[in-house]
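Everything on this sheet refers to the single structure shown next.
The values are calculated or read from the model by the stated rules, or taken from the named source; none is laboratory data. Quantities reported herein were computed from a predicted structural model and do not represent experimental measurements. Neighbour counts are summed over all protein chains in view; Cβ atoms, including those assigned to glycine, are modelled from backbone coordinates with ideal geometry.
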Amino acid sequence: MSGSKQRISYFPLSQMDDRMLAVMKRCAEEGTPRPESSAVRAHSPAAFWAFDEAWERLFRTGVVAHAIKELCRVYVSRSVKCEYCGNQRSEAARSTGLSEGKLDELMNFETSTRFSERERAALSYAEAITWRLDPDDNFWDRLHSHFSEEEMVELACFIALTMGQQSWIRLLNIDHYQVMAETVASLVHGFEVEATAKESSRN
């Protein structure tokens, strides 16, 4: 990508209704998604609400363990090279003990000892969807041994949702600390210091 100009503006908070502002407040307090990407989606209320509902049902709640979905989300961000998304972490997943050390080994999940067999199966699903692989019967046998069909559908729809969003968001040249800038919710530990220092150096 050439240059660093932001490609779509942030919809002004002053023009949002109370219901939309409540979602923005949640983004600021809980993160994942952070306020900036939500402010871009707010240009289209249909897109804003469709994403918010899907994210709530597929990522924040649902039948698959949240930490597994967070592993898949970060795997996708590293695969599609969305740094904005990749510098976010789910606070709910952190609370379960999901560590940066484990996330550092995501791209080598098949050989790393940090992952359970169920996690490896989920990540192989994310890999197949993201990289458009053509897996064999062993792949499907493995998935069926760890997940119900309801779980497989939910996980696939979540992976597809985050892959599509992150593939788009990486094109926008958006950054953290540009909407509701006082919040550090869900950022990678240490990134808030780095971001603040970067902002100071611009002034």
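Mind listing just one residue for me: the one in the range 1-24 that is of a type outside the set (Ser, Thr, Tyr) and touching a residue at least 40 places away in the same chain (Cβ under 8 Å) and, of those, farthest from ALA92 (Cα to Cα)?
Here the residue is GLY3.
Can you name the number of the only condition in (1) outside any helix (DSSP H, G or I); (2) in contact with a helix residue (DSSP H, G or I) (Cβ under 7 Å, 6 or more places away or on another chain) that VAL23 fails?
Among (1) outside any helix (DSSP H, G or I); (2) in contact with a helix residue (DSSP H, G or I) (Cβ under 7 Å, 6 or more places away or on another chain), VAL23 violates only (1).
For residues that are within 27 Å of LEU133 (Cβ to Cβ) and acidic (Asp, Glu), tally how many sit in the range 73-99.
The qualifying residues number 1.
SER9 versus (1) surrounded by 12 or more Cβ atoms within 10 Å (Cβ to Cβ); (2) within 21 Å of LEU171 (Cα to Cα): which is the lone unmet condition?
The failed condition is (1).
So which residues in the range 151-189 are of a type outside the set (A, V, I, L, M, F, W, C), modelled with pLDDT under 95 and either part of a helix (DSSP H, G or I) or crowded, with 18+ Cβ neighbours inside 10 Å (or both)?
Across the range 151-189, the qualifying residues are HIS176, TYR177, THR183, SER186.
Could we say that ALA121 is at pLDDT below 95 and either closer than 17 Å to ARG78 by Cα or in a helix (DSSP H, G or I) (or both) here?
no
Name the residues in the range 47-86 that are assigned to a loop (DSSP other than H, G, I, E, B), in contact (Cβ under 8 Å) with a residue 60 or more places away in the chain and surrounded by fewer than 19 Cβ atoms within 10 Å (Cβ to Cβ), would you? First the steps, then the outcome.
Step one: of the range 47-86, the residues assigned to a loop (DSSP other than H, G, I, E, B) are 61-65, 81-82.
From what's left, in contact (Cβ under 8 Å) with a residue 60 or more places away in the chain: 62-64, 81-82.
Selection gives GLY62, VAL63, LYS81.
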